[in-house]
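Report on the following structure.
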Amino acid sequence: MRWLTILLVMLTLACDAQTNSQIASPQFKIVLVTNRIEAAPTFREVGGQLYNIKRSVLWTNFQGECLEIETNAIVISTFTMEPIYQAATTTEYVPTGEFSPDKPVLVATKIKVGENKVLGRKIILQNYPANLYAAIGEPISFRAIKIGTSNYKGEILELWDYGTPHIVTMIKTNLVSATSK
């Protein structure tokens, strides 16, 4: 092991540094191009953690009505839509045999005739995008992750986060002639 260490030190001292003569030359200059790219909308960041909101079981779908708009948060009254059914009958024909006609039979069924809004709990939603234009009294649908609870006007409400877009910074290095502009 000791011989290997000595050999590596000797090789390090004997080798010249590898340089690119074009970069060191005054006739060229290095140009850095920086681009910020937003990842697919299914990728969101919450608390520095990156999530795929379509695949993570921690994210929940909501329907709600905006009650109040605060700085970086909105208060929402959640609701679900339950179907309303009405009883009905339909006629089905049951085969009675090979040479006789089918027998009509009345069968009870249910038909969806509407939906009923069932109110849920109030929650606080952080990081809802401004470009989705939340308005008081308007219904909104979203997917969010629970991050805790918060005291809101003396009431303890669940705190949910919509997440922020995942931004990737791309840096590209270009070698440009110093005479070009």
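The values are calculated or read from the model by the stated rules, or taken from the named source; none is laboratory data. These numbers come from a predicted model, not from an experiment. Here the Cβ is made from the backbone with ideal geometry for all residues, glycine too, and neighbour counts use every protein chain on show.
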**Report entry** Yes/no for ALA134 being farther than 30 Å from GLN27 by Cβ, loosely packed, with under 12 Cβ neighbours inside 10 Å and at pLDDT 85 or above
**Finding:** no
Report task. Any residue in segment 145-163 that's at positive phi: show its pairings with residues that are of a type in the set (A, V, I, L, M) at Cβ separation under 6 Å, as long as the two are six or more apart or on different chains. Result -> GLY148/LEU159; GLY163/VAL46
Report summary line: (1) over 20 Å from LEU58 (Cβ atoms); (2) surrounded by 12 or more Cβ atoms within 10 Å (Cβ to Cβ); (3) modelled with pLDDT of 90 or more all hold for PRO83 apart from (2)
Requested in this report: Could you figure out which of (1) closer than 20 Å to PHE79 by Cβ; (2) of a type in the set (A, V, I, L, M, F, W, C); (3) touching a residue at least 12 places away in the same chain (Cβ under 8 Å) isn't true of VAL105?
Outcome: (1)
Report summary line: The residue that is nearest to the chain's Cα centre (by Cα), considering only those in segment 99-150 that are assigned to a strand (DSSP E or B), over 30 Å from ALA87 (Cα atoms) and of a type in the set (A, V, I, L, M, F, W, C), is ALA144
**Report entry** Conditions (1) surrounded by 10 or more Cβ atoms within 10 Å (Cβ to Cβ); (2) of a type outside the set (Ser, Thr, Tyr); (3) out of contact with any Pro (no Cβ under 7 Å at 6 or more places or on another chain): number failed by GLU115
**Finding:** (3)
**Report entry** Sole exception among (1) more than 16 Å from ASP161 (Cβ to Cβ); (2) surrounded by 15 or more Cβ atoms within 10 Å (Cβ to Cβ); (3) not acidic (Asp, Glu) for TYR51, by number
**Finding:** (1)
**Report entry** Single residue of LEU125, LEU132, LEU106 found to be closer than 18 Å to TYR152 by Cβ and hydrophobic (A, V, I, L, M, F, W, C)
**Finding:** LEU125
Requested in this report: Hand me the list of strands (runs of 3 or more DSSP E) wholly inside segment 28-98 holding 2 or more residues that are over 19 Å from ILE147 (Cβ atoms) and in contact (Cβ under 8 Å) with a residue 60 or more places away in the chain.
Outcome: 28-38, 59-70
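Can you name the residue in segment 138-152 that is small (Gly, Ala, Ser) and in contact with a Leu (Cβ under 8 Å, 6 or more places away or on another chain) and, of all such residues, is surrounded by the most Cβ atoms within 10 Å (Cβ to Cβ)?
So in segment 138-152, the residues small (Gly, Ala, Ser) come out as 141, 144, 148, 150.
Subset that is in contact with a Leu (Cβ under 8 Å, 6 or more places away or on another chain): 144, 148, 150.
Numbers: ALA144: 25, GLY148: 9, SER150: 14.
Once the filter is applied, the top-ranked residue is ALA144.
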